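The values are calculated or read from the model by the stated rules, or taken from the named source; none is laboratory data. Here the structure is a predicted model, which means the values were calculated and not measured. Neighbour counts are summed over all protein chains in view; Cβ atoms, including those assigned to glycine, are modelled from backbone coordinates with ideal geometry. The protein model used for the area step is the full one, side chains on, heavy atoms only, and it has no ligands, DNA or RNA in it. Shrake-Rupley method; radii C 1.70, N 1.55, O 1.52, S 1.80 Å.
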Amino acid sequence: MSLLNTVESAEPKKIAVYVCHCGGNISDIIDVKKVAQTLSQYPQVSIATEYAFMCSSNGQDMVINDITNQGVNRVVIAACSPALHETTFRNALKRAGLNIYLYEHVNIREQASWVHKQDKDGATHKAIALIKAGVEKIIRQDALDEIKIIANQRVAIVGGGIAGMRAALSCARAGLKVSLFEKRSTLGGNLNRESLIYPTNQTAQSVVDQLGSEVKNNPNIDLLLNAKIVSVNGFAGSFQINFIDLDSKEQTIGSGVIILATGFDHYKPYEGEYAYKTSPFIVTLPDFTKILDQSAQPKALLYEGKTIKNIAFIHCVGSRQMDGVDTPLEGKNLNEYCSRVCCTSAIFTINNLKIKYPNTGIFDIYSDMRTYGLEHESLYEKASKNDVLFIRRPLEERPQIEQRPDGTFNVTSTDVLSWNEQIEANVDMVVLVTGMVPSDISDLVDNMKLPRSTDGFLQEVHLKLRPVELANKGIYIAGTSQGPMDVIETLNAANTAGVKAVSLLSLPEILMDPFIAVVDDDKCTGCGLCISECSYDGALTMTDKIVNGKTKKVAQVNGALCVGCGACVAVCQPRAIQVAGWTLDQFEAMVDAIAKE
Amino acid sequence: MTKDSRPKILVITTSHSSYPGANAVGQARLAYDSNTYIIRVPDPVMFPEEFYIKALTNGIAGIIIMSSGSDCPYEGAYPRLAARIQSTYTKMKALNMNINRLKITTICTVCTESFLKEIANMEKVVAA
Ligand SMILES: Cc1cc2nc3c(=O)[nH]c(=O)nc-3n(C[C@H](O)[C@H](O)[C@H](O)COP(=O)(O)OP(=O)(O)OC[C@H]3O[C@@H](n4cnc5c(N)ncnc54)[C@H](O)[C@@H]3O)c2cc1C
Ligand code: SF4
Ligand code: SF4
Ligand code: SF4
């Protein structure tokens, strides 16, 4: 019995196996001739051959030729990782007129020849077992149709910081309509400030104003300020965003794609953390930037009536926290990640301070100097030349801050750079170099079932293979909603999200891999066990259906909402529900083939 | 070819996380024993208890599930998987099976050292 969205073929299964040499990468270790010869004896395998480079046009032509002229209707290619060439071979099948899902890719390079160099026989044996498992899988594979969804040609973008604006412009310029939702009354997010930013030395506000005016003048962009998103329903191609507008009216807008550009919040230390809030002269870096911007005093920084002659900057406050050393904020995890921008931002601010008030004495207490990125190291060099005294503390040690009766502070720290000497600095002000925390979007996370990393930022599926994509189809992330980034990185990520949105909506219909749950109505007993396993609202429901002339209760999958996680599969005793292309029967047959070899 | 007499280890990886992690081990040209067989799934949460017990009864000596842990992109999948492995352990105990033959762990796309450590640990279990 075929799964519902599959196309079962009446033709006998004719399987071809191709073993790639990868120009010696595989064949120097694995005896590819022996592998092909062994596979040619395997039941239902009609052709088993080896070739120097399967991904070359000759290699692909060989597959196409065997499909067209030899009647091959199932293909197994044993080569490098599917991450590299799965699409190449799917396209070859398409050109030959065969359903692209009737091909199985077996990895015998990264997971065999490259890791078993000292054991050629073992690697050859393993390759044979893995390919046999691939054959067993493809024997049980039916043709699948890509899922087609009529797509609303509008993109909804949540967050009007630079990431949201940049993504909006990328989409709008490609001709898509955009609804840009910003909860505040202004655009720009955390860059809505007058201070200078690295590396361009322009004011943050000027970046915001430039993007803002392009956004406001683009006829494809509907700007919705003071908008509060209440809920999001639907699926890729057809989302509904319910929100409360400027006039407190509830509204709904439809979109085909959603981009989340909800940004970050500055870390706020708790009272007493590095003496924060025990004195007005213990400030965070964002506060200090404002103080510096606003100070009009000619010779030295004047703050709260006090001339500031010496300042200590302490890095990594609220970032790179360690178990047993730091206390997390109430109800939160430790922030173990590096906020990435704060080292450069602190050094950049120090250099600006030195330009305005060259005589200020600076102690910069850091653990690792992460001024990564184009020309950022030169900011560090400049600070070194500016007589900034750098103190490198061990990561697990926290500098001690003690207020003296005269209102100044003694800051004590071990200095790794001078063979662990204890350094004591007497300063008028302490700047806590605070980093980024995810902005509070827990309502959206709960409502939309958004995946978050342990750090609390939104979690893309894969850093290299599927950047800025969430596991939820049709939802992308832009900028610092994903993790700490500077302006350039934010704009790049936002452009990527914009391009992905444009490419998904480039056709009136969205094509999706059909690896979603499917129910065999005949086998379904209507027990409903699968429903409680599914975390995706509306993906799986019970319904009455006429099956074999009788009305019965069966599970029903909404293909646009199901993500294909398979949680439902495990609890279904009669195996009525399966993830198409990844069925339990396929996996059991694969494991049997491996065990037997 | 004659049957490989060494105990076999099945490594269940996730398409988005530990499978690329296993590739990273290869890209770094690190080595482990060839009695290890990696398969990839969208998420191991799809396997019922019986899947593991059947595999361990039919010739697989040890299974390592390399999940994405709390970084799993599928909502609610990890706690469900963890609970399912616990109930598999209960069933294995009832069948007098050594529960160390089934291990659940978290491996990401770059965890090459942890990957090797898990395999080395399972090699010890299946050799015993
Ligand atoms: C101390 C410090 C100094 C920095 N200095 C520099 C520098 O000099 N140079 C540099 O390149 N980078 C710097 N950065 C980094 C820079 O601030 C970020 O790269 C940039 O602000 C990220 O933009 P964003 O759009 O991702 O996020 P944000 O600026 O945080 O914007 C997010 C927007 O989304 C909105 N929003 C959030 N939730 C919702 C919701 N539910 N509905 C509607 N709207 C919502 C917010 O109101 C906000 O407007 C610095 C960062 C820090 C912490
Ligand atoms: S960028 Fe620098 S200050 Fe910020 S968390 Fe990383 S190491 Fe610490
Ligand atoms: S668990 Fe299986 S049999 Fe029960 S309702 Fe779901 S699909 Fe049908
Ligand atoms: S595969 Fe996952 S998302 Fe789809 S119906 Fe099953 S449990 Fe729900």
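Just one of the listed residues (A:Asn73, A:Asn107) is in contact (Cβ under 8 Å) with a residue 60 or more places away in the chain and of a type outside the set (D, E, K, R), namely A:Asn73.
Pull up the stretch A:548-597, narrow it to residues that are on the phi > 0 side of the Ramachandran plot and more than 10 Å from chain B (Cβ to nearest Cβ), then point me to the one that is most open to solvent (accessible area, probe 1.4 Å). Here the answer is A:Asn548. Against the conditions (1) open to solvent by 20 Å² or more (accessible area, probe 1.4 Å); (2) within 16 Å of ligand 4 (Cβ to nearest atom); (3) more than 13 Å from every other protein chain (Cβ to nearest Cβ); (4) modelled with pLDDT of 95 or more, A:Asn495 satisfies every one except (2). Looking across the stretch A:189-200, the residues that are open to solvent by 20 Å² or more (accessible area, probe 1.4 Å) and part of a loop (DSSP other than H, G, I, E, B) come down to A:Asn192, A:Arg193, A:Glu194, A:Tyr198, A:Pro199, A:Thr200. In the stretch A:356-381, what residues are within 10 Å of ligand 2 (Cβ to nearest atom) and either open to solvent by 60 Å² or more (accessible area, probe 1.4 Å) or within 14 Å of chain B (Cβ to nearest Cβ) (or both)? Passing the criteria: A:Arg370, A:Tyr372. Annotation: A:Ala471 fulfils all but one of (1) crowded, with 22+ Cβ neighbours inside 10 Å; (2) assigned to a helix (DSSP H, G or I); (3) of a type outside the set (Asp, Glu); the unmet one is (2). Any idea how many residues of the stretch A:159-188 are open to solvent by less than 20 Å² (accessible area, probe 1.4 Å) and either closer than 21 Å to A:Pro438 by Cβ or outside the structural domain of A:Gly256 (by TED's automatic domain parsing) (or both)? Here the count works out to 13.
Return yes when A:Ala346 is buried (at least 23 other Cβ atoms within 10 Å of the Cβ), among the aliphatic types (A, V, I, L, M) and farther than 27 Å from A:Gln202 by Cβ and no when it is not. So A:Ala346 fails the test. Considered as a group, the residues in the stretch A:424-444 that are out of contact with any Pro (no Cβ under 8 Å at 6 or more places or on another chain) and hydroxyl-bearing (Ser, Thr, Tyr) include one that is most open to solvent (accessible area, probe 1.4 Å), and that residue is A:Ser442. Somewhere in the stretch A:436-448, is a residue at positive phi and either modelled with pLDDT under 95 or in the same structural domain as A:Cys562 (by TED's automatic domain parsing) (or both)? No, the conditions are met nowhere in the stretch A:436-448. If you check A:Cys530, A:Cys524 for being in contact with a Lys or Arg (Cβ under 9 Å, 6 or more places away or on another chain) and farther than 21 Å from A:Tyr476 by Cβ, only one passes: A:Cys524. Would you check if there is a residue in the stretch A:399-409 being within 34 Å of the chain's Cα centre (by Cα), surrounded by 15 or more Cβ atoms within 10 Å (Cβ to Cβ) and under 18 Å from A:Ile362 (Cα atoms)? Looking through the stretch A:399-409, none of the residues is within 34 Å of the chain's Cα centre (by Cα), surrounded by 15 or more Cβ atoms within 10 Å (Cβ to Cβ) and under 18 Å from A:Ile362 (Cα atoms). Taking the stretch B:83-114 as the range and being over 24 Å from B:Asn23 (Cβ atoms), out of contact with any Leu (no Cβ under 8 Å at 6 or more places or on another chain) and more than 13 Å from chain A (Cβ to nearest Cβ) as the test, the residues that pass are B:Gln86, B:Thr90, B:Lys91, B:Lys93, B:Ala94, B:Leu95, B:Asn96, B:Asn98, B:Ile99, B:Asn100. Once the stretch A:445-456 is narrowed to residues that are out of contact with any strand residue (DSSP E or B) (no Cβ under 8 Å at 6 or more places or on another chain) and over 19 Å from A:Ala236 (Cα atoms), the residue that is surrounded by the fewest Cβ atoms within 10 Å (Cβ to Cβ) is A:Thr454. For the stretch A:76-89, indicate whether the set of residues that are surrounded by 18 or more Cβ atoms within 10 Å (Cβ to Cβ), in contact with a helix residue (DSSP H, G or I) (Cβ under 8 Å, 6 or more places away or on another chain) and among the β-branched types (Val, Ile, Thr) is non-empty. Yes.
Return yes when A:Val569 is within 20 Å of B:Tyr78 (Cβ to Cβ) and within 15 Å of ligand 3 (Cβ to nearest atom) and no when it is not.
Considered against the rule, which asks whether it is within 20 Å of B:Tyr78 (Cβ to Cβ) and within 15 Å of ligand 3 (Cβ to nearest atom), A:Val569 comes out as yes.
Criterion first (away from ligand 3 (no atom under 11 Å from the Cβ) and not hydroxyl-bearing (Ser, Thr, Tyr)) does A:Asp520 satisfy it?
no
When we screen A:Thr371, A:Thr327 for residues that are under 18 Å from A:Met485 (Cβ atoms), hydroxyl-bearing (Ser, Thr, Tyr) and touching a helix residue (DSSP H, G or I) at 6+ places or on another chain (Cβ under 8 Å), the only hit is A:Thr371.
At least 1 residues being open to solvent by less than 10 Å² (accessible area, probe 1.4 Å), within 14 Å of another protein chain (Cβ to nearest Cβ) and within 16 Å of ligand 3 (Cβ to nearest atom) is the threshold, and among the strands (runs of 3 or more DSSP E) wholly inside the stretch A:239-319 not one reaches it. Residues in the stretch B:26-57 that are out of contact with any Asp or Glu (no Cβ under 8 Å at 6 or more places or on another chain) and acidic (Asp, Glu): B:Asp43, B:Glu49, B:Glu50. Taking the stretch A:32-133 and the strands (runs of 3 or more DSSP E) fully enclosed by it, the elements with 3 or more residues that are within 12 Å of another protein chain (Cβ to nearest Cβ) and within 34 Å of the chain's Cα centre (by Cα) are at A:103-107. Residues of the stretch B:83-107 that are surrounded by fewer than 18 Cβ atoms within 10 Å (Cβ to Cβ) and in a helix (DSSP H, G or I): B:Ala83, B:Gln86, B:Ser87, B:Tyr89, B:Thr90, B:Lys91, B:Lys93, B:Ala94, B:Ile99, B:Asn100.
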